[in-house]
Each structure stands twice: as structure tokens, then as C-alpha cells.
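The values are calculated or read from the model by the stated rules, or taken from the named source; none is laboratory data. Every value quoted in this text rests on a predicted model; they were computed, and no experiment measured them. Cβ placement follows ideal geometry from the backbone for every residue including glycine, while neighbour counts extend to all protein chains displayed.
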2 protein chains.
Amino acid sequence: MRKMRRKGLASMAVQTVASTSNPTVDLGPAAALSCRECGHQVPLGPVFACEECFGPLEIAYDFSAYDTEELRKRIEAGPANIWRYAPLLPVPADVADKPNINPGWTKLVKADNLARELGVTGGLYVKDDSGNPTHSFKDRVVAQALEAARAFGFTTLSCSSTGNLAGAVGAAAARAGFRSCVFIPHDLEQGKVVMAAVYGGELVGIQGNYDDVNRFCSELIGDPAGEGWGFVNVNLRPYYAEGSKTLAYEICEQLGWRLPDQIVVPIASGSQLTKIDKGLQELIKLGLVEDKPYKIFGAQAEGCSPVSTAFKAGHDVVRPQKPNTIAKSLAIGNPADGPYVLDIARRTGGAVEDVTDEQVVDAIKLLARTEGIFAETAGGVTVGVTKKLIESGVLDPSLTTVVLNTGDGLKTLDAVAGTGLTATIRPTLDSFREAGLA
Amino acid sequence: MRKMRRKGLASMAVQTVASTSNPTVDLGPAAALSCRECGHQVPLGPVFACEECFGPLEIAYDFSAYDTEELRKRIEAGPANIWRYAPLLPVPADVADKPNINPGWTKLVKADNLARELGVTGGLYVKDDSGNPTHSFKDRVVAQALEAARAFGFTTLSCSSTGNLAGAVGAAAARAGFRSCVFIPHDLEQGKVVMAAVYGGELVGIQGNYDDVNRFCSELIGDPAGEGWGFVNVNLRPYYAEGSKTLAYEICEQLGWRLPDQIVVPIASGSQLTKIDKGLQELIKLGLVEDKPYKIFGAQAEGCSPVSTAFKAGHDVVRPQKPNTIAKSLAIGNPADGPYVLDIARRTGGAVEDVTDEQVVDAIKLLARTEGIFAETAGGVTVGVTKKLIESGVLDPSLTTVVLNTGDGLKTLDAVAGTGLTATIRPTLDSFREAGLA
């Protein structure tokens, strides 16, 4: 009975979609763009806001033709990257043959040492996205945006960024033969400039702060000068955002097609968390995992905790904050998906919590010391929040728990700059013994 | 006929081995240590030099029981890391269940853009080992050393290092629950200290230069104070070195169980190159790839080119040099495996070549610009040498060629520090157009 209803719904979705489809664009199972607020549908294209209500557009799929077992086999026989999930993504079926950076299928590390330290008995895993080509989860979303840009005939891949995104866009564009143009504040630290510049695309310093950079990018998108330009997280945002679904798919497949009981996800714009929830829901609906409850927890740094603050206050809306934290990759003071995050955390029985910068640094060191994983500050945030939520009894240590590490410690070395030598000795055995090292 | 002869040889090896086997140590197919110079065999243990002739010891295997097709299937069904090759490595059969850093199965990137720039028509691939857990190929060798340390009952994992090895040892020891103690010159740059220190093991600064550090480590190994200590590249070196074989295995499997025609490998001690050759030979003997010729090319930086110099001069011995190059991870002035490298390059019809530091930087940028891969200086050396060898007609562009990138550009940012903004503009469309960016 329940199955039939689902099938009915799927068919209905296809019917609705038929009238709005764009026959010139092949993005596989992606059928249309659908407004998250009012449900209005438009054909697939480089648009991101609903023409009716200005709500955010997201991809509507037609998964109606899939047989669960066939789909599972097809995925398992696919490549060791996100394209194994091509049947569930807005990409053409032959996506794996096109030049792309091919991120994903990163390690799900069974973190037994960390579990012991935190008292987790139900199984603790770290999904380590530092293994991606440019060492952050941004490769997942940029890879999606790139395929959308290709489908729409764009020739320039662009973004504003002060960190991980710049490298991901530069690298993906280089591999795919796109021109890239990345906009950054002109006075960014030299190390970050180098990481973005090495891929050889245009790297434009804007005389102004990060807000000025973003304002300029919005202007450019509306101007003829921006024609043919795909801004990965603006006019390609609906496609880009779907890349985060692959984190959910991989976690479940790597657990043996099983849902985790609890997931701890960092919050910047909140998009990653909402798309992980979307991915888990899809797997349940497609019958690839058992339909059982799971809880999603959001993690922020105290210095930029608008969603955590709203969650604790019981609010449905998120009041913007001025970020002040070492976790720069999460420092979005006015997170677009904040309200959706609140909804998901509450609906699944999860929570949103934050930790201080000091706790972030301690958590980076804790993860490195126990599991040999050197995380970016965002990974310190999720591990730190996991620890805090266990101590406060909100996160159940007897359940299977997955913590996301979305970036690489090599990119935020400053955060642990205080770490150093444990001893200094002369090159003699006597000096070695005196230092108590024997 | 040929097959029978092989089988006969294999049985003989087993017989010889039987008398020297160490029944308390289970390292899978590893049967004994065998002197590379005189062939003298000793039981598996933490020794690295022949008691008869002081030649280097290496692992002798018993592969006689393997059926080619069964072995291939077993490998293909294995985990997405080096342990899929456990039947060919000095590790117990259940190695994948033990806590280890699980490196390997890194991407073999089809580098079509780079191929076009270099004029390679036969297929060009980059084996990108920056995808390993601590972002260098050192994770492969350390993972092996760790298993040997476990088998010998060691409790401390140690090394001397100024770079990649320190991080690999720290991370692997952390995951496996070993104590680690890494020795470095006390005045190393702060960034490198942080990368090694974050894993929380002992990090000991030695008042002296890198030679003093190594001298001290040799002393420690011979002293009771060093009991229970596994120095990954000293007393565990025979096991450690075998990790590089996995590069050969992966390249061939990722090519569809096919030998490449040409491989370009960086030379530090030369061990990696010799073990890649050993791995290819094993695959041929086991029937996993077709027996056909391949050429191995060695790559050095001009500022530390003892093997390249000997190759060009037609010498069999390598005269030590004092290193002076930005390619620090290759800066071994007196490479232990130098003579073996010369032998392999000559036997296979390859060559050894070197490039200037300027060419190294250009090659790092070339690889990043064409393929979106940000390589460590060692990757600049191999790409630069590949370019030079094609231009000089030594490397055949019509053949399938694999170039190794063994490390990550994030660890040697200084090398490309000159890379920066391509334009600086005001946040206006007019300024954008004036800069010629439209």
C-alpha cells in the first residue's frame, strides 16, 4: 500500500515536470527546478530564485524508472568517485567519461581510538573529505556545477571565495578546459592567494572586503559582461548544492547500505546539512536503505553561531551575526539555509551546537592524536561539537555516529601554530636519556 | 615449458626459505630476508644489512601457491587501498582488519590536457599520490613498516625526517595506537614542525644538522635504549621499501591489468624506483600482466642529481653530492639505491635526467594549469623531466606513459610563492571591463 502511494507520487512528479522540461539540456534524472517554498516549477536552466516567490530553487528528479536492486548494482559497479551516483544526480549518464576532477568516495574511517576517548560504544566514524582532489568537500559541489555549466554552454567557471572554493573551482576548470575567474578580496593572505592562483586561471583581487566582492559578483551576473559565466554558488547554485547529497550516499553505502543513527555536520550556509538530509531521504524512498529514524546534528563555531543560537532559543528564523572565529570556512553570518537546518534538526530529533575557538583547536589535536587525521578548522568544529553533545547527553554514545571532516589541516596551519617540539636534545644517547625519552 | 621452469624456481625458493623461516612472525607471503648482493638468506626480523657481505636485505616471497585468475579476483574484490595487494606484500592475510592508515588506490589521472601540451599521443597518465592520507607516497611505505613493527612486537614507531615522512609516521602511529618519536633538526621551519607535531607523538629537535640527526638515530638503534623501537627506514627498511611496489600494482590494475610502456619516477634514495621495477616484474611472473618491455625513467633536480650525473657519464657507481635544490623531498646526496637505479634504467632502455629548480616550478604550474593537480616539488621534477625527455627525443610520445606525482603542493607552497593575482580591480563593472576581463 505504502509502496503504491510512493509510485503514484513519483508518476505525478513526472507529469508536472513534462510541461516544464527543457529538451536541449541533458542532466540525467534532473527533470526541472522546483521552488522550495511554493513548489512552482521551471525548466532546468542557470536560475536560482523562484520567479513567483523568490524562494530558492532546487532540483526535482524523476527516479520513477529505477528498480532498487538494479540501481544498487549499477552504483556498486560504478567508478570510485561521486559519479557512481550519477543516476541520482543532475548529470548526464556518461558523466564519468567527461573531463572533471572526479571527487568523492573518500574514506569513512572507523574511529575506534576517538570513540574510546569520547565514550562512544555504538560505532564512531569520520567521513574524511580531506581526501578529495583539492582536499575539501568543495570538490563535490564544484564538480556538479561544472557539469551544469557544460550543459548550459558556459565557458567560464567563476566564484567569490576566500578559501577552499577558489582552489576547487580553479582545479576543476583547469581539468575540464574551462576558463576560470575567481574573485577574492585584494588583501588576502599570500598563502591563500597561492593556493588559488596555482591553477593558472584568472584570479582577480577586488579592492574591498568580502561583501564588496559578493556584491560585485551579483552585479556581473545581471550584466551582459557576465554572459557565459557560471558562478558555481550563484546562478549554478541549485546544481552545485546537490553535490553534498553524495556525502549521504557514500556514508550509507560505506556502512553497507545502512543509515547511521546520528550524523554531525558543519554549518556554513547550511546547504550541506540540508542536502545530506535530502540524500538520506532519497535512499530511503528508493529502498536502498531501511526506513528508520536518524538524527542530524549541526555544528558551528561560537564566533559564528547564528543557527545554533536560533536553535537554542527555539526560533524559526536566524538572526545574522558578524563572524569572528578561526573557522573561516564556516564563517557565514547570514546562512541562507539556516531555517531549513533548524527544521531538519528538530524534525529528526537532532540539535545544533557550537564550540569556542579553543575547543576547535583542542578537537583538531584530539582527532589527529587519536586517528591520524589532520582536519581543517571545520573538522575541529564537528569533532568538538560531538564531544560537547556527548558530554551534555544530547548525542547518544550507544548509537552509530558519523562525524564529517570537510577539509584539510594543511590549509589552516595557523590554527595549530602553537604545536611544536616535545623535547630538544643534543645528538647523544646521554641527552636522550636525560630527556626521559628512553 | 616456461611456466614449468618458473614453478620450479618458486618451489626452490620455498625450500631454501624453509630452513631460515621464523615461525613466530606471520607476514603472509614474505618468507625470508635475502641479500640483494650475495643472496644469503636470514629469517624475517628487524635487520636490514647482510651479516655476510653488508649488502641490503630485501624480502623474499613464496608466491608458489597462487593461481593467476584466483589472485586477480581476490585483488579486485579487496579494499580500495594497498591492502587489496596483501597477497603480494609482507603483511598478514588479515591486515585490512588491523588499525592502519590504509593508504593507496590513489587516482591514475588521464592527463589529456598535459598530453596535448607535451605532444604525447600514446596516452599520458599522472599517478597522483597526493591523495594519500597525509598526502604523500610515504603513507604507503610507513603502512608496511607499521605492520612489520606490529609483527616484531615493537611499541614505538620512529624516524628521522624533515618533511613528508614525519607526518606519515605520526599519523600511522596515532591510528594504530603506537607511540611515535620523530627526530628532526631543532631549527626546522615552524610550518613543517606543526605538520609533524599535530599527531601528538614525541617530536624531538636535535641540536645539529640532518646528518647529526641520522647519526644519532643509528646510535640509538644499536643501544638498549632503542629496544622496541622500529625506525621505519632503518631497521624496518626491508619491509618499508616494499610499500613502493603498490604503486606498480595500482598503475597496472588501473590501466586494466596492463603494463605502461614508460614510467617516470622521482629519485631520492632510489628505493621507490627499484621497488616499482620489482612490482612490475612480479606482475609479469605471476601472469597478471602480459610480459612485454617497459622503460623506467628516473627524475632528479639538478641541484641534487648524483644518479643522473652517473647515468650520463656511463658510470656504475654514484658519486655523492651536496644537495642544493627546492625539491627537498628528493634531496638525498648519497642515494643508497643509486647503482640499482642505474642498472634498471639501462636494462629497461630508460634514462635518468634532471631539471633546474626553475624548470621544477614551471612544471608544477604546468601540471596545475592543465590538470588541476597541485604537486609538491617532487611532482614538478617528474613532470619537468618528462617534458625534457620528450623534447630531447629520449621519451617516445607515441607510447603509454605514466608520470608519478608523489606529494602535495600544499606542503611546498614556498616553491610557487611568486604566483599571485592576475588583476586587481575596483568592485565595479567599469573597472572589470577596463581590466579586459569581460
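Remarks
- Restricting segment A:126-169 to residues that are among the acidic types (Asp, Glu) and within 13 Å of the chain's Cα centre (by Cα) leaves a set whose member that is nearest to the other protein chains (Cβ to nearest Cβ) is A:ASP128.
- Search result, residues across segment B:236-281 that are in a loop (DSSP other than H, G, I, E, B), under 18 Å from B:ILE344 (Cα atoms) and not hydrophobic (A, V, I, L, M, F, W, C): B:SER244, B:PRO260, B:ASP261, B:SER269, B:GLY270
- Number of the exception - A:VAL317 against (1) touching a Lys or Arg at 6+ places or on another chain (Cβ under 8 Å); (2) over 26 Å from A:ASP362 (Cα atoms): (1)
- For segment A:226-245, the count of residues that are touching an Asp or Glu at 6+ places or on another chain (Cβ under 9 Å) and modelled with pLDDT under 95 is at least one.
- The residue list A:ALA351, A:ALA331 contains one member that is over 25 Å from B:ARG175 (Cβ atoms) and at pLDDT below 95, which is A:ALA331.
Listed here are the residues, each with its yes/no results for (1) of a type in the set (D, E, K, R); (2) assigned by TED's automatic domain parsing to the domain that holds B:TRP229; (3) out of contact with any helix residue (DSSP H, G or I) (no Cβ under 8 Å at 6 or more places or on another chain).
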| position | (1), (2), (3) |
| --- | --- |
| B:PRO79 | no, no, no |
| B:LEU88 | no, no, no |
| B:ALA93 | no, no, no |
| B:ASN102 | no, no, no |
| B:GLU117 | yes, no, no |
| B:VAL126 | no, no, no |
| B:VAL142 | no, yes, no |
| B:ALA145 | no, yes, no |
| B:ALA149 | no, yes, yes |
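- Scope segment A:376-405; condition among the aliphatic types (A, V, I, L, M), buried (at least 24 other Cβ atoms within 10 Å of the Cβ) and within 13 Å of A:LEU114 (Cα to Cα); matching residues: A:VAL383, A:VAL402, A:VAL403
- Residue within segment B:285-300 that is part of a helix (DSSP H, G or I), more than 13 Å from the chain's Cα centre (by Cα) and modelled with pLDDT of 95 or more present: yes
- Residue match in segment A:119-140 (condition: at pLDDT 95 or above, more than 25 Å from A:THR386 (Cα to Cα), in contact with a Lys or Arg (Cβ under 8 Å, 6 or more places away or on another chain) and of a type in the set (D, E, K, R)): no
The rows are residues; the columns are (1) outside any loop (DSSP other than H, G, I, E, B); (2) more than 9 Å from every other protein chain (Cβ to nearest Cβ).
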site: B:VAL182; (1), (2): yes, yes
site: B:LYS192; (1), (2): yes, yes
site: B:MET195; (1), (2): yes, no
site: B:ASP211; (1), (2): yes, yes
site: B:ASN214; (1), (2): yes, yes
site: B:SER218; (1), (2): yes, yes
site: B:ALA225; (1), (2): yes, no
site: B:GLY230; (1), (2): yes, yes
site: B:ASN233; (1), (2): no, yes
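- On the stretch given as segment A:281-301, residues that are in contact with a helix residue (DSSP H, G or I) (Cβ under 7 Å, 6 or more places away or on another chain) and of a type in the set (Asp, Glu) total 2.
- Any chance B:GLN300 is assigned by TED's automatic domain parsing to the domain that holds B:ASP396, on the phi < 0 side of the Ramachandran plot and in contact with an Asp or Glu (Cβ under 6 Å, 6 or more places away or on another chain): yes
- Within segment B:429-438, if we keep just the residues that are at the interface with another protein chain (Cβ under 7 Å from one of its Cβ atoms) and in a loop (DSSP other than H, G, I, E, B), the residue that is surrounded by the fewest Cβ atoms within 10 Å (Cβ to Cβ) turns out to be B:ALA438.
- Top-ranked residue of segment A:406-420 - restricted to ones that are within 17 Å of A:GLY131 (Cβ to Cβ) and of a type in the set (Gly, Ala, Ser), ranked as surrounded by the fewest Cβ atoms within 10 Å (Cβ to Cβ): A:GLY409
- Of the residues making up segment B:109-125, those that are away from chain A (no Cβ under 11 Å) and surrounded by 19 or more Cβ atoms within 10 Å (Cβ to Cβ) are B:ALA115, B:LEU118, B:VAL120, B:LEU124, B:TYR125.
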